[in-house]
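What follows is one structure encoded as structure tokens, with my remarks underneath.
The values are calculated or read from the model by the stated rules, or taken from the named source; none is laboratory data. All values reported here derive from a predicted model rather than from experimental measurement. Positions of Cβ are generated from backbone atoms using ideal geometry, with glycine treated the same way; all protein chains shown enter the neighbour counts. Surface accessibility is based on the protein's heavy atoms, side chains included, excluding ligands, DNA and RNA. Shrake-Rupley method; radii C 1.70, N 1.55, O 1.52, S 1.80 Å.
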Amino acid sequence: MADRAPVLRIITSAARDSLKPLGLAQMGRSRLWIDDHGWWLGVVEFTPPRLSGSGLYVGAMWLWHDVDHLTFHVDTIRVGSELFRTEDQFTPLALELSRQAAANVTALREKFPALPEVARYLTSKPARGGSLWDSFDSGIAAALVSDPDTARDRFERVLREDALAPWMVDAQEKARELHAIAADRDTVTAWVTRAVASCRSKLGLEARAVDDQLTDPLG
């Protein structure tokens with residue numbers, strides 16, 4: 001197996017050229033870069049394949065999930081792995097991956113410029129059986145834009161799922177709480193603000209006030 005050290009160095013250099021000018025930050029010395037929008041993140045991962053090299057994922061993460069790891073709630077691109085053979089061979093491949101990442105980060109920003117667009121996207125997705133998180137996310141977004149009927153409907157879908165794992169029980173407890181307050185936008189906003197602050201802390205991100213982003217129609 002090829003040495004992974006030059007792979008990370010080449011990927012990091014390419015990402016700095018394409019992503020840093022857009023304002024993205026590298027997570028430590030990892031293959032992960034984030035586009036920080038306060039209550040949500042654009043996430044770029046130069047994914048390691050089984051052999052040395054890299055693929056690419058770009059997507060969005062809603063921080064109201066309050067978890068301690070980066071994840072993808074909306075994927076916008078997945079690119080298969082490019083294998084590392086030599087530095088000369090891999091460098092242009094890494095540069096192309098980083099350019100694709102930058103283009104998709106820009107597309108993600110245009111897709112989700114503010115909360116109303118996020119709410120429209122999430123609530124317009126067709127209901128699918130077993131899509132607990134789709135219903136959970138669209139319920140929160142609907143409540144935040146003062147659409148309590150849609151919010152309650154989505155939370156009720158979450159509650160109808162069979163809770164087969166502890167994480168599902170936890171999600172249903174949150175959905176039940178949010179269902180009860182869905183008509184009170186200020187209370188929902190306060191709930192989401194606390195969840196986002198907790199998630200940011202768990203991820204090691206600096207504290208940021210997000211209240212205005214969740215109440216201002218311009219985000």
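Among (1) aliphatic (A, V, I, L, M); (2) in contact with a helix residue (DSSP H, G or I) (Cβ under 7 Å, 6 or more places away or on another chain); (3) under 25 Å from residue 189 (Cβ atoms); (4) modelled with pLDDT under 95, there is one condition residue 74 misses while meeting the rest; what is its number?
Unmet condition: (2).
Could you please find all residues in the range 35-68 being part of a loop (DSSP other than H, G, I, E, B) and either modelled with pLDDT of 95 or more or aliphatic (A, V, I, L, M) (or both)?
Across the range 35-68, the qualifying residues are 37, 38, 39, 51, 66, 67, 68.
Just a yes or no: is a residue in the range 101-122 modelled with pLDDT of 95 or more, hydroxyl-bearing (Ser, Thr, Tyr), over 18 Å from the mean Cα position of the chain (by Cα) and open to solvent by 10 Å² or more (accessible area, probe 1.4 Å)?
The answer is no; no qualifying residue exists.
Can residue 101 be described as part of a helix (DSSP H, G or I), closer than 20 Å to residue 215 by Cβ and hydrophobic (A, V, I, L, M, F, W, C)? Write out each step before concluding.
Details: part of a helix (DSSP H, G or I): yes; closer than 20 Å to residue 215 by Cβ: no; hydrophobic (A, V, I, L, M, F, W, C): yes.
When the stated conditions are applied, residue 101 does not pass them.
What number of residues within the range 138-168 satisfy the criterion of being assigned to a helix (DSSP H, G or I) and under 19 Å from residue 40 (Cβ atoms)?
Number of matching residues: 9.
Check whether at least one residue in the range 174-193 is closer than 28 Å to residue 27 by Cβ, part of a helix (DSSP H, G or I) and open to solvent by 70 Å² or more (accessible area, probe 1.4 Å), and report yes or no. Talk me through it step by step, then tell me what you get.
If we filter the range 174-193 for residues that are closer than 28 Å to residue 27 by Cβ, which is where we start, we get 174, 189, 191-193.
Right, trim to part of a helix (DSSP H, G or I) and you get 174, 189, 191-193.
After this cut, where a residue has to be open to solvent by 70 Å² or more (accessible area, probe 1.4 Å) as well, the list is none.
No, the range 174-193 contains no residue that is closer than 28 Å to residue 27 by Cβ, part of a helix (DSSP H, G or I) and open to solvent by 70 Å² or more (accessible area, probe 1.4 Å).
Quick check, is residue 93 over 22 Å from residue 8 (Cα atoms), buried (at least 16 other Cβ atoms within 10 Å of the Cβ) and not charged (D, E, K, R)?
No.
Taking the condition outside any helix (DSSP H, G or I) and open to solvent by 50 Å² or more (accessible area, probe 1.4 Å), does residue 207 pass? Please lay out each step first, then the result.
Numbers: outside any helix (DSSP H, G or I): yes; open to solvent by 50 Å² or more (accessible area, probe 1.4 Å): yes.
It is true that residue 207 is outside any helix (DSSP H, G or I) and open to solvent by 50 Å² or more (accessible area, probe 1.4 Å).
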